[in-house]
Structures are given as C-alpha cells and as structure tokens.
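Trainee: Can you keep this structure in mind? I'll have questions shortly.
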Amino acid sequence: MTTLFISDLHLEESRPDITGAFLSFLNKNAVGARQLYILGDFFEAWIGDDEHTPLQDQVAKALKTLSESGTEIFLMHGNRDFLIGEDYCVRAGATLLDDPALIDLNGTPTLLMHGDSLCTADVEYQKFRANMRNPQMQKMMLARPLEDRQKMARQLRELSAAKNQGKAESIMDVTPEEVVKTLEHYGVQLMIHGHTHRPDIHELQANGQNARRMVLGDWDKNIWWIEASPGQQPELKKAPL
Amino acid sequence: MILLQTNLGDIKLELDYENAPETAKNFEQYVRDGFYDGLIFHRVISNFMVQGGGFEPGMQPRKTRDPIQNEADNGLSNMVGTVAMARTMDPHSATAQFFINVENNGFLDHTAKNAEGWGYCVFGKVTDDSMETVNKIRATRTTMRAGHQDVPAEDIVIVKAEVVEAA
C-alpha cells in the first residue's frame, strides 16, 4: 500500500482546473492508498474555519469520502493556510500535523515540513512567520468578525496584486545549512517538504551519512506528488494539469 | 429541448433561454449546425463534472465560432444536473465546450465581475430521466491521452445532437 505526499495546491475559486485535478487525483491516486499527507499551502488563503465557502466545503467532503474509504489523511499548515483549524480537519476526516512532523515511512524515519521555516535567509519573512504563528496573535485574529477578516483578506489581495502587477511573488529557496542542521537535530536522513516551488531531489550529507531532501512542486502547469511504497525508494512524480 | 444521443444512452437538455439567452442560443446554434455530431466527452471526473463538445475521437479539436460573453452573473448555480459552458482562464472565452455538473459545484458560480470571480455560466439542466446516462458517463474509466488527463479510455461519443419538441 502506498503513502502519498502533496503540497502547494494553492486551491482557490479562480483556478477550478486545479481543484478539478485534485478531485481527479483523489479518485485515481489516493483511493486505495494507505495515507495521504498534505504538506501545506493546500489553500491559497484561509481566514478561519467558519468561512464555509463552497470550495472549502466541497474539498472537505471529497477528503471525508476518501477517509471513509480507508485512507488516512494528514494536513500540515503552510504559510498561506496556517489558520486551518481542528473544525475543518474534522469535516475533512483529516488529522492536523505539526510542522515539522517525524514519521515512520515504511521503516525509514522521515521528517515532513512545509518548508518555509528552512528559508532562513529571508529574515523579514521569518519575522513575519514568527508573528503569524504566535497562538495569541492567531486567537486575536480569529476573534474578529468573519466580515472583517474577509474584508482584510480582500484588501491584502488587492495590495499584493498592485505590488506584483501580475507577477508571481518570488519565494526564496531553503538555506542549505539549515537543512543539514534540521536533519541532524532530528537524526534523520530523509526530509520531504514543499513551499519553494522548486520540485527536485537533493542528495546531501548529514549525520555523517548520505541524506536526501525531496521537494514537492506546486500545482500549476503540472501536478506533483511523492509516492512511497514498501521496499522502494519514494518517487517524485508529475503529470500535466 | 436538446437531445444528445450518445453511445451510452440519451441525454435531454432543457436550455434556460430566459436567464442565459446568449449562451442558450449559442449552444442551440451549434446543435443546429451539427457541430456536436461525432464529438466526445473528453474530460470525466466522477466527483466533479463531465465535459465534452470540443474534440473528435483521438482528441482532434473541431473549429468553433467566436467566443461568447459570459452570462454567469444570472443567479444560476452549478448544482448537480445543471449544464454550464467550459472556458479558458478568460471569463469570456466560452465557445462550444460544455460540462454537466455531477456534484454540487457552487465554487464555480459567479461572485464578482473580474477574472477571478466571474464563474462558469449555467445555461440549462439535464432532465431527471437523463441522469442515468450521465451517471454511466461519470462511472467510466479514464486515462491520459494527448496531454489531457481524465479522458475516457473508451470513447463516449455524441452520435447526434438535435433540437426536439418537448414531450
């Protein structure tokens, strides 16, 4: 039985092609899998579990159907959907994962992360991240009325659209030393993450041995996933959207 | 009413000329021109929608007329059994391809008059007795073909599309 990893779908109403590809992925790849891990930025934006947009509800329903068919689903926060809470996870039949999370992948200890915490060269972002991940800050944010949060999100979108003028915002890559440090802190040789939109497999040295960092891709022109079967090396796969 | 005769059975469509006049007339014109005859359902996602009206078997596209204005701001919702126009990322790019919703896909509805929120224009629905055929299409096995995901492994062909009198 396989274990699947995906991340960075950035689901949003303006990209039904990606939502369609995800629903298709659930049918074709995830049904029958032992586990599905979603490693952050599943949604493009999240302002609280109480929003209940048709997209959020439909994706929850599809995940719930998968979970009821016997596939375990795990959800990790990304930098865009870090406010996803227990309520949504219950509706989706998913378990919320800490970032990082250490799992046993067919006998190999494996560290799962979204990946943004590895980009330590982006000092400004790390400050923002620390602020946003502060539980008190989140509590304060979620305590505001839904309409206020929706308005705030709209303004942020307009602001960033004006700033980028249609250009994709640049995401820094991970800091190599931070990767080694993290692998050594947890004493593992395999790491899987997303966030950087730079899908690849990197061989490196950590703990005085060969180590491997597998990076998932964002869903845009292609869909990306990692498939791990017992007795085989996990594989990074892609297909056209 | 429009009758689509497929190799999996008939599908009857009631077009909504009142709420989606331009879209319904556009679709009817393609039917009258015989445009859909011999085309396939080329994108089938069983928990989402089934789409057709653009390709011949072998994924050969058929030349369409110019695109139409998007009438998705008509208050109709992409619920199970409704028919809507497919399009590219440009809201006003629909030509002939259409899809039948097989789930309640409210996230496809119009929310704002911009590229992100324009939504997908519902312009009719299939009759209740046609859902049996739609569900057969929905349950078909799919594969990847000519760079397209979710293409039925066995062609599902619109043998003939015609305008018929409502029974």
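Trainee: Using only the alpha carbons of segment A:123-241, what is the convex hull's orientation-averaged projected area in square nanometres?
Mentor: Details: hull surface 42.6 nm².
In nm², the orientation-averaged hull projection of segment A:123-241 is 10.7.
Trainee: On to the next question. Could you give the dipole magnitude of segment A:198-238 about its Cα centre, charging the beta-carbon of Lys and Arg +1 and that of Asp and Glu -1, in debye to the nearest 20?
Mentor: Working: 6 positive and 6 negative charges, 8 e Å.
Dipole about the Cα centre, nearest 20: 40 debye.
Trainee: Here's another thing I want to ask about it. Roughly speaking, what is the centre-to-centre gap between segment A:180-215 and segment B:132-167 when only Cα atoms are used, to the nearest Å?
Mentor: 45
Trainee: Spelling out what I want: for every residue of segment B:93-109, take phi, set θ = phi - 60°, compute 6.51 cos²θ - 1.76 cosθ + 1.60 (Karplus), and round to whole Hz; glycine and proline get x.
Mentor: Going residue by residue, I get 10, 5, 10, 10, 5, 9, 9, 10, 6, 10, 9, 7, 9, x, 6, 8, 6 Hz, with x marking Gly and Pro.
Trainee: Take every DSSP beta bridge with both residues inside the protein assembly as shown and express the antiparallel ones as a percent of the total, to the nearest 5.
Mentor: Details: 55 of 76 bridges.
Taking every DSSP beta bridge with both residues in the protein assembly as shown, the antiparallel ones total about 70 percent.
Trainee: Also, I was wondering about something else. Loop sites only, by DSSP: take the trypsin sites (Lys or Arg not before Pro) in chain B that have at most 12 other C-beta atoms within 10 Å and name the longest stretch containing none of them. Can you show the working numbers first?
Mentor: Values: sites that count: B:Lys63, B:Arg65, B:Lys113, B:Arg141.
Within chain B, the longest run free of exposed trypsin sites (Lys or Arg not before Pro) spans B:1-62.
Trainee: How shielded is A:13-24 by partner chains, expressed as the average number of their Cβ atoms within 10 Å of its Cβ atoms?
Mentor: Numbers: counts 10, 8, 2, 10, 2, 0, 5, 11, 4, 2, 8, 9.
Shielding by partners across A:13-24 averages 6.
Trainee: Is it possible to state the helix-based mean residue ellipticity at 222 nm for chain B, with each DSSP H run of 4+ residues giving -39500 (n - 2.57), the sum divided by total residues, to the nearest 500 deg cm²/dmol? What is it? Display every interim value, and only then the final one.
Mentor: Working: 2 runs with 20 residues, N = 167.
So the calculated ellipticity at 222 nm is -3500 deg cm²/dmol.
Trainee: In addition: Helix-derived [θ] at 222 nm for chain A: sum -39500 (n - 2.57) over DSSP H runs of at least 4, divide by residue count, nearest 500?
Mentor: The per-residue figure over chain A is -10000 deg cm²/dmol.
Trainee: Tell me, what is a quarter of the convex hull surface for the C-alpha atoms of segment B:1-97, in nm² with one decimal? All intermediate terms of the calculation are to be shown ahead of the outcome.
Mentor: Numbers: hull surface 26.0 nm².
Mean projected area for segment B:1-97: 6.5 nm², to one decimal.
Trainee: Looking at segment A:75-152, what % of the alpha carbon pairs are farther apart than 21 Å? Don't skip to the answer; put the middle values down first.
Mentor: On the way: 1238 of 3003 pairs.
In whole percent, the long-distance tail amounts to 41.
Trainee: If you don't mind, there's one more thing I want to ask. Can you give the convex hull volume per residue for the Cα atoms of segment A:3-240, as a whole number of Å³? List each step's numbers first, then the result.
Mentor: On the way: hull volume 29.5 nm³, N = 238.
About 124 Å³ per residue, rounded to a whole number.
Trainee: What span do the alpha-carbon atoms of the protein assembly as shown cover on each of the three principal axes, reported in whole Å from largest to smallest?
Mentor: Taking max minus min along each principal axis of the Cα atoms, the protein assembly as shown gives 76, 50, 35 Å.
Trainee: Right, next: Among the GluC sites (Glu not before Pro) in segment B:1-48, which ones are in a DSSP loop with at most 16 other Cβ atoms within 10 Å of the Cβ? Mind listing them?
Mentor: Details: sites: B:Glu14, B:Glu18, B:Glu22, B:Glu28; in loops: B:Glu18.
Of the GluC sites (Glu not before Pro), the ones in loops of segment B:1-48 whose Cβ has at most 16 other Cβ atoms within 10 Å are B:Glu18.
Trainee: In terms of Cα to Cα distance under 29 Å, which lysines are near enough to A:Lys139, apart from those fewer than 8 places away along the same chain?
Mentor: Within reach: A:Lys61, A:Lys64, A:Lys127, A:Lys151, A:Lys163.
Trainee: Same structure again: Taking the Cα centre of segment A:3-240 as origin and charging only Cβ (+1 Lys, Arg; -1 Asp, Glu), how large is the dipole, in debye to the nearest 20? Don't skip to the answer; put the middle values down first.
Mentor: Numbers: 25 positive and 35 negative charges, 39 e Å.
My answer is approximately 180 debye.
Trainee: Which value, in debye to the nearest 20, gives the size of the charge dipole of the protein assembly as shown about its Cα centre, when Lys and Arg are +1 and Asp and Glu are -1 at the Cβ? Present the calculation step by step, with values, prior to reporting the outcome.
Mentor: Working: 40 positive and 59 negative charges, 117 e Å.
Dipole about the Cα centre, nearest 20: 560 debye.
Trainee: Across chain A, where is the longest run that never hits trypsin sites (Lys or Arg not before Pro) in a DSSP loop with at most 16 other C-beta atoms within 10 Å? Kindly include the intermediate steps, with their values, before the conclusion.
Mentor: Values: sites that count: A:Arg34, A:Arg133, A:Lys167, A:Lys221.
Segment A:35-132 is the longest.
Trainee: Using only the alpha carbons of chain B, determine the length spanned along each of the three principal axes and report them from longest to shortest in whole angstroms.
Mentor: Projected onto its principal axes, the Cα set of chain B covers 39, 39, 30 Å.
Trainee: Among the listed pairs A:Lys221/B:Lys113; A:Lys28/A:Lys238; B:Lys63/B:Lys113; A:Lys28/A:Lys221; B:Lys25/B:Lys63, give every one whose C-alpha distance is greater than 21 Å. Please report the intermediate quantities before stating the final value.
Mentor: Numbers: A:Lys221/B:Lys113 25 Å; A:Lys28/A:Lys238 14 Å; B:Lys63/B:Lys113 28 Å; A:Lys28/A:Lys221 19 Å; B:Lys25/B:Lys63 18 Å.
As for pairs spanning more than 21 Å Cα to Cα, those are A:Lys221/B:Lys113; B:Lys63/B:Lys113.
Here, each number is a calculation from the coordinates, and none is a lab measurement. What you see is a predicted model, and the numbers here were worked out from it, not measured in a lab. Every residue, glycine as well, gets a Cβ built from its backbone with ideal geometry; the counts of neighbours run over all protein chains shown.
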